[in-house]
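The values are calculated or read from the model by the stated rules, or taken from the named source; none is laboratory data. The structure displayed is predicted, hence computed values, not measured ones. Note that each Cβ is placed from the backbone with ideal geometry, even for glycine, and that neighbours are counted across all protein chains shown. Heavy atoms of the whole protein, side chains included, go into the accessibility calculation; ligands, DNA and RNA do not. Shrake-Rupley method; radii C 1.70, N 1.55, O 1.52, S 1.80 Å.
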Amino acid sequence: MSTAGFNSQNGTGTGQAYANGPSQNPVALQQLPGVNYGMSHQPTYNPMQAKAPVPPGPGLYPVGPYQPVPPVSPYQPGPPLSSYQAPPGQPLLTRPQMAGPPSHTPPQSASPSPGPRLPPAQATPPPPAVSSSSYYQSPQQPQPMAPTWQYNTAPPPMGPPTSMNTPPRGLPANHVNPAASSTAPLPPMSSASYNSAPPASLSHSATQPPGPRMPPTSLHGYIQPGAAPQPMNPMVPNTYQPNRAPYGPPPTGPPPTMKPTSPPTGPPMANATPPPPKADAQCGWVVNSPLSPTEPDCQEEDIECPEPVAGNGPQAPNSYNHVDNKMAGPPQPGPPGRHLGHYPSLPPGYQNPPAPHNATPPMHPAMQAATQPYTQAPQPYQQPPVGPGPAQLSPSLAAMSLQSSTPEALRVVNLLQERNLLPPSPIPAPTPCLPQDLQKINCNPDVCLSRVFRSTLTSIPQTQSLLNKAKLPLGLLLHPFKDLSLPVVTSSTIVRCRSCRTYINPFVSFLDQRRWKCNLCYRVNDVPEEFMYNPVSRSYGEPHKRPEVQNATIEFIAPSEYMLRPPQPAVYLFILDVSHNAVETGYLNVFCQSLLDNINALPGDSRTKVGFITFDSTIHFYNLQEGLSQPQMLIVSDIEDIFLPTPDSLLVNLNECKELVQDLLKSLPTLFEKTMETQSALGSALQAAFKLLSPTGGRMSVFQTQLPNLGVGALQSREDPNQRASAKDIQYLSPATDFYKKLALDCSGQQVAVDLFLLSSQYCDLASLGCISRYSAGSVYYYPSYHHQHNPAQVECFQKDLKRYLTRKIGFEAVMRIRCTKGLSIHTFHGNFFVRSTDLLSLPNVNPDAGFAVQMSIEENLDDMQTVSFQAALLYTSSKGERRIRVHTLCLPVVNSLSDIFAGADVQAITGLLACMAVDRSVTASLSDARDAMTNASIDSLSSYRQSVLTIQQPGLLAPACLRLFPLFILALLKQKAFRTGTSTRLDDRVFAMCQLKYQPLAYSLLMIHPALYRIDDLTDEGALNINERTIPQPRLLQLSVEKLSREAAFLMDAGTVMYLWIGRNCNPTFLSQVLGVPSYAAVPDNLYLLPELDTAESQRTRAFIGWLRDQRPFFPSLHIIRDESQRKASFLQNMIEDRTESALSYYEFLLHVQQQISK
């Protein structure tokens, strides 16, 4: 694989497509000559991609036409599909080979296919120019590139070409506008050429079914239930009816004639499910694992290949796409993943023990939408009838079936006319249209799956071409180790699929008491004898009532075959900067006191170990061996060839040596208080720490206050403060050296994670230093301008964060694998990790505050499936030494129309995934390319909706109700610290914002993208929450515009990591005295960051509300109370997303720009 592919799997963004299941991945960890391990690997630029010069406009927004050049796949327009049949003797267009990049089919509309976009008329203010940048580079000869991301298509697979010997799985469905649904189905494409004639099985019913004519479509091109024509090959509908009657017994008599799918010959397809294993053939490959040769890689075998496989016994042959008839019996009605026959599919849910009263407190509105359970009833847009369609109904009945209302998600919204789109309460995530029993499992209130597993599309398209036509990204956002009250299963039998190794879950189907069918690869497996007993009900013979089959999120205590070595102890090593600059900040006092206060709360058991290393121009070790009267400092001055002076006494058992550890923490702040050493040998200190932790693994906590300037890993300042605001493209977003990335990979191989605390008022090159955490699954904490006297708000923030960091749950030597239904594939990961093999993430440490995202593509048509499933399995060692497996499984419906795809779009998840993609684009290409691609994402999706879903064209900028906030969120991203231009933004601040967008869970990153604004000078108990005998007011969410502010009021802005309390000049004196404790506006202090605890109702309400907001996130947001004259007012106003600035458009101007591009 190329270096680009290597980088993409470990954080930079592009690379080879992942196949579903284990596949070879020739990634080498050894550094190749001339290959940079950093993120600075630039894609090959196409000379034809150069942007035309544009005349300057106000600010940094250039004026110029939106000029997309001829795009490449998958957005490459071909001849438009027509609604008439091809003339006799002429072939119809066929779909492309699945192995190649799918072509884009232009949407059907009443008007001819649009030609090249013309330059727009000059507008005031001029809109930004949108570049013609493409997310993936074509491996072929240079050609113009698409104007936006091809975010749904994986790059062409490497290696031998895909065999096309496998017969197609059926004719593709018609995916155009329902108005053109009479188009003849496209015949499958052979490996040699286009078919010269339609297939012989094509009949007149494929183009025009008998019976009444096609019913008229609605404004959206949405056909009401019952209006779709009967498919040419009758099969079960592609979606469920939540309220339909249960299936009866399986049909009797011989099974219907079906052409079986033969196993492929020749080279296996990358996305095919492998045949049953021989010995350990089901293990994924560990390619050039960084583990030392002497230490076995226990991680992948742990989660994939415990030997023997418990309780699955002899298996039936696997015929890839269909179960062997002898095992499966007659085909069952219902989806392939859920055979509902004599045996009940889903009995009443397993009742978990009640969670503690305060286990999951309510969340504040801005975050609740990202984490709350689905509360809407299933929408009617995905409820095709099980019985005959309108072609078989009488005209009167067919007409009656069209009288149901349009789904709310598809209600047309004119964004230019509806000013107040931001709802006063949170928007719930769209509800997947599943049967009630499955929906209840997806949304179990005890463990709501939407808090840990979100899909950008809750209705999965049948084909990649349909997904490309929607112009929406397909991906998952995960929060796998979130603090939850979970059912824990202790069993010697963990039931998994013999073929794809999927864990049994609520979405499998039981054929009878002894057989279950995998919902990912559809293999039939035996139910082991031990699984027949239900430990909860203490009954035998009801495996479908086991907790594993009743909970979409569950945790197993793994048996011994899941470990190749004893679980590692909890090991904590602290590396502290003690240079003159560090002592001046005063952080050492705060750290030592916090650790003293929380030393008994460190997660662990009797084996827990701790150690300390300090450094300036030399490295200082501390001998804490039991028996010493006081800690002993050992200094190593040879930083070029670092060694451990006493390896056996530097990491000590915490319980046995706690007094020595406490003595060291009490003496450290005074030990270096008079130092004049200004140099920093961070690289050598990290090398020493790596040597110390390599035998056991563990967590490395690094505290750094300046730019490393001595020894290995030394860096030089790359920031030019004069270019912060004027530069069109930001430089130095990629690391200056690969030292920190290579060291992180070494750490990952030895189960060591590195967490970085950066406390500095000067440039520290976080783009380079952050690699040590990014590739070792660590975290980055950044406190700009930290000083114990000059910035007390940062000190409070550091104290709170450190307490959470020291005491939170932690998992060691973890790996995570994400599986998906056959036909889907993962091609890009986002977060902090190292990809050990194609789909296995190495996580030396996993913490409950880490989030991940993945991009997906559709490699095979899903037209024979009603649902698809995704499963994330996290194997880790708890701080108590238990090997555990946490499994999350999500089930979503498959749809075949654009209106259904749009109706299921999750605008918050889409925004979060696009933010991750934009960070990668900024690093691998440029910031301007990332900004243009985000803008194009909103233009393309709304253009697709207008052209392919709406059948009655109207003036204005039209969007479905579910995407009405999409342009606003895109504009918020453009103005976010990570991507904004024209504003003085420090380079480290920008890089840290990018880091947060990449690894923060969606619930937390949304507030950083679009803050929440509340008026709080008039809080009341109306609609308040009562939590633990506290009353929490619930004010309305306001739009982020200064027009919502009032000089007579006070407003709170929650921007995720920081809060601003803005006091109007004429604010109510009662609020000033009752909440702030000052008599007048002039008496409000300049640097006030704490609310006084006053014994008044107003003070209690205000403090309760702010405290409740803070409790909803793992980090501590600082509070700044500002007046009109405050220096921080500029930061407050920068978060007013909807207002215009010198260098950025207002929300209304941005909408005009989007409309202008769509109408071209």
Sequence of K741, K1044 when ordered by accessible area, the most exposed leading, probe 1.4 angstrom: K1044, K741
Cα→Cβ-extended label distance, 7 Å offset, between T646 and S785, nm: 4.5 nm
With DNA, RNA and ligands ignored, accessible area of C962 (1.4 Å probe; Å², nearest 10): 30 Å²
For segment 421-426, 3J(HN,Hα) per residue [Karplus equation, 6.51 cos²θ - 1.76 cosθ + 1.60, θ = phi - 60°, Hz, x = Gly/Pro]: 8, 6, x, x, 10, x
For segment 700-785, the spread of Cα positions along each principal axis, largest first, Å: 44, 24, 23
Debye equation applied to the C-alpha atoms of segment 629-670, log10 I(q)/I(0) at 0.22, 0.26, 0.33 Å⁻¹: -0.86, -1.00, -1.17
Net charge of Cβ neighbours under 13 Å - reference S1046; Lys, Arg +1; Asp, Glu -1: -1
Area accessible to solvent at D1086, 1.4 Å probe radius, in Å²: 100 Å²
Area of R1015 that stays accessible when all protein chains are in place (1.4 Å probe, Å², to 10): 90 Å²
Inverse of mean 1/r across different Cα pairs in segment 738-795, Kirkwood, Å: 12.2 Å
Shape parameters for segment 438-509, alpha-carbon atoms, Rg then Dmax in Å: 15.7, 48
Accessible area in square angstrom per residue, segment 654-802, 1.4 angstrom probe: 35 Å²
Förster-model FRET efficiency, 35 Å R0, Q625 and D483, C-beta, rounded to 0.05: 0.45
Of K469/K977; K809/K977; K1044/K1160; K666/K803, pairs whose Cα-Cα distance is over 23 Å: K469/K977; K809/K977; K1044/K1160
Size of electric dipole in segment 597-742: Cβ of Lys, Arg +1 and of Asp, Glu -1, about Cα centre, debye, nearest 20: 420 debye
Options S857, F902, A925, ranked by Cα towards positive dipole end of segment 828-929, top entry (Cβ charges): A925
Rg in Å to one decimal, and Dmax rounded to a whole Å, for segment 993-1121 via C-alpha atoms: 14.9, 45
Length released on extending from T678 to Q762, taking residue separation times 0.36 nm less the Cα-Cα span: 28.9 nm
Calculated log₁₀ intensity ratio I(q)/I(0) where the Debye formula runs over C-alpha points of segment 1059-1160, q = 0.13, 0.15, 0.25 Å⁻¹: -0.62, -0.75, -1.32
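Using only the alpha carbons of segment 835-886, what is the convex hull's orientation-averaged projected area in square nanometres?
Convex hull of Cα atoms, orientation-averaged projection: 5.4 nm².
Provide I730, I952 ordered by accessible surface of protein heavy atoms (probe 1.4 Å), highest first.
On the way: I730 30, I952 95 Å².
Largest accessible area first, the residues go I952, I730.
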Relative packing of peptides 800-811, 767-778, 817-828, 483-494 - highest average C-beta neighbours within 10 Å first: 767-778, 817-828, 800-811, 483-494
Distant alpha-carbon pairs in segment 790-840 (separation over 17 angstrom), percent: 61 percent
